[in-house]
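K.L.:
Can you keep this structure in mind? I'll have questions shortly.
The values are calculated or read from the model by the stated rules, or taken from the named source; none is laboratory data. Computed from a predicted model, the values in this text were never measured in an experiment. No Cβ is skipped: glycine too gets one built from the backbone with ideal geometry, and neighbour counts run over all protein chains shown.
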Amino acid sequence: MTTIAPEKDRDHWQARVDLAAAFRWTVRLDWHEAVANHFSLAIDDTGTRFLLNPNQMHFARIRASDLIVVDAGDPDTLSHPDAPDPTAWGLHGGLHRHCPHARCAMHVHSPYATVLASLRDSRMLPIDQNTAAFYDRYVIDESYGGLAFEEEGARCARLFDDPRKKVMIMGNHGVMVIGNTVADTFNRLYYFEKAAATYVRALMTGRELRVLSHEIASKTAAEMDGYPEQSRRHMDELKAILDAEGSDYAQ
């Protein structure tokens, strides 16, 4: 397990570039956690080999070539040179080991999702289009057990037992979002944080919420699931902005 030079990883280079862009944009949105939190992306058919950010490297500095390759099936991973952060190994290793449909995984302590995760009732009711997009599309972890070392990571991973539900509101912790690609996952993360912001702010008014019906919320969620090309175009636009600014994320 080691950082791979660009010329040696052309098969996954575009994936590396997208993931590096996601790290940089997470900093811009102020969703980073100093040198903690992690994003991963499976690079083999089984999903057990994955790209991951280096141990405790700030998201603002991560380049495509900095990403390390981790094998979720290698029990000696933490003893290798350039070993990942132990909680990254626990949480993301567990996901890629137990959830083959979790091709990409992004874990942050973004402000509003974390507030939602800190409430006794962490449900997000469908009160607008963004919150409705996640109607019946998330799971809530009610059993936080401390830092996400291997046993805790495996427990969390097993909660993703319904492939339709790609967001985990991690009670007393933060949020984990999974998806098929970097673009798909980052777009979901972006809109979940926006949805959580709307919901938490609505709760802060203390006034009665205008909650959508089950039928309309379900319809909206299904329509958003099939919305064409948005995630890819969103990622392409973010990279275009970074490129225009002269960012080194794609190196």
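K.L.:
Take the residues of region 42-80 that are assigned to a helix (DSSP H, G or I) and free of Cβ contacts under 8 Å to residues at least 24 places away in the same chain: which is surrounded by the fewest Cβ atoms within 10 Å (Cβ to Cβ)? Steps first, answer last, please.
P.N.:
The initial filter retains those residues of region 42-80 that are assigned to a helix (DSSP H, G or I), namely 59-61, 64-66, 77-79.
Now drop any that are not free of Cβ contacts under 8 Å to residues at least 24 places away in the same chain, which leaves 61, 78-79.
On the way: R61: 15, L78: 15, S79: 8.
Step by step, filter region 42-80, then rank; the result is S79.
K.L.:
From the set of residues in region 123-149 that are aromatic (F, W, Y) and farther than 22 Å from L209 by Cα, which is modelled with the highest pLDDT?
P.N.:
Checked region 123-149; the qualifying residue modelled with the highest pLDDT is Y144.
K.L.:
Let me ask you something else. Scanning region 176-217 for residues that are among the acidic types (D, E) and either touching a Phe, Trp or Tyr at 6+ places or on another chain (Cβ under 8 Å) or in a helix (DSSP H, G or I) (or both), which turns out farthest from A157 (Cα to Cα)?
P.N.:
First, the residues of region 176-217 that are among the acidic types (D, E): 184, 193, 208, 215.
In the following step, the residues that additionally are either touching a Phe, Trp or Tyr at 6+ places or on another chain (Cβ under 8 Å) or in a helix (DSSP H, G or I) (or both) were identified as 184, 193, 215.
Values: D184: 19, E193: 21, E215: 30 Å.
Looking at residues that are among the acidic types (D, E) and either touching a Phe, Trp or Tyr at 6+ places or on another chain (Cβ under 8 Å) or in a helix (DSSP H, G or I) (or both), I get E215.
K.L.:
Of R210, R158, which residue is surrounded by fewer than 14 Cβ atoms within 10 Å (Cβ to Cβ) and either closer than 28 Å to S65 by Cα or more than 17 Å from the chain's Cα centre (by Cα) (or both)? If you could, list the steps in order and put the result at the bottom.
P.N.:
Details: R158 fails: either closer than 28 Å to S65 by Cα or more than 17 Å from the chain's Cα centre (by Cα) (or both).
So the residue among R210, R158 that is surrounded by fewer than 14 Cβ atoms within 10 Å (Cβ to Cβ) and either closer than 28 Å to S65 by Cα or more than 17 Å from the chain's Cα centre (by Cα) (or both) is R210.
K.L.:
Take A88 and tell me if it is more than 26 Å from E151 (Cα to Cα), under 14 Å from the mean Cα position of the chain (by Cα) and buried (at least 19 other Cβ atoms within 10 Å of the Cβ).
P.N.:
Considered against the rule, which asks whether it is more than 26 Å from E151 (Cα to Cα), under 14 Å from the mean Cα position of the chain (by Cα) and buried (at least 19 other Cβ atoms within 10 Å of the Cβ), A88 comes out as no.
K.L.:
Scan region 164-179 and give yes if some residue there is of a type in the set (G, A, S) and exposed (fewer than 13 other Cβ atoms within 10 Å of the Cβ), otherwise no.
P.N.:
We begin by selecting, within region 164-179, every residue of a type in the set (G, A, S); these are 171, 174, 179.
Narrowing the set further to residues that are exposed (fewer than 13 other Cβ atoms within 10 Å of the Cβ) leaves none.
No, the conditions are met nowhere in region 164-179.
K.L.:
So, one more: Among the residues that make up region 186-199, is at least one of them of a type in the set (F, W, Y), surrounded by fewer than 18 Cβ atoms within 10 Å (Cβ to Cβ), under 19 Å from the mean Cα position of the chain (by Cα) and closer than 29 Å to A72 by Cβ?
P.N.:
No: region 186-199 contains no residue that is of a type in the set (F, W, Y), surrounded by fewer than 18 Cβ atoms within 10 Å (Cβ to Cβ), under 19 Å from the mean Cα position of the chain (by Cα) and closer than 29 Å to A72 by Cβ.
K.L.:
What's the number of the only condition in (1) closer than 25 Å to K239 by Cβ; (2) at pLDDT below 95 that F50 fails to meet?
P.N.:
Result: F50 fails condition (2) only.
K.L.:
Next up: Of the numbered conditions (1) closer than 29 Å to I216 by Cβ; (2) part of a helix (DSSP H, G or I), C156 fails exactly one; give the number of that condition.
P.N.:
(1)
K.L.:
State yes or no: is A250 surrounded by 14 or more Cβ atoms within 10 Å (Cβ to Cβ), closer than 14 Å to S110 by Cβ and touching a residue at least 24 places away in the same chain (Cβ under 8 Å)?
P.N.:
Answer is no for this residue.
K.L.:
Tell me whether region 86-98 contains one or more residues that are in contact with an Asp or Glu (Cβ under 7 Å, 6 or more places away or on another chain), modelled with pLDDT under 95, on the phi > 0 side of the Ramachandran plot and not hydroxyl-bearing (S, T, Y).
P.N.:
no
K.L.:
Right, another one. (1) of a type outside the set (A, V, I, L, M); (2) modelled with pLDDT of 95 or more; (3) more than 28 Å from D243 (Cβ to Cβ): which one isn't true of F23, the others all being true?
P.N.:
Every condition holds for F23 apart from (3).
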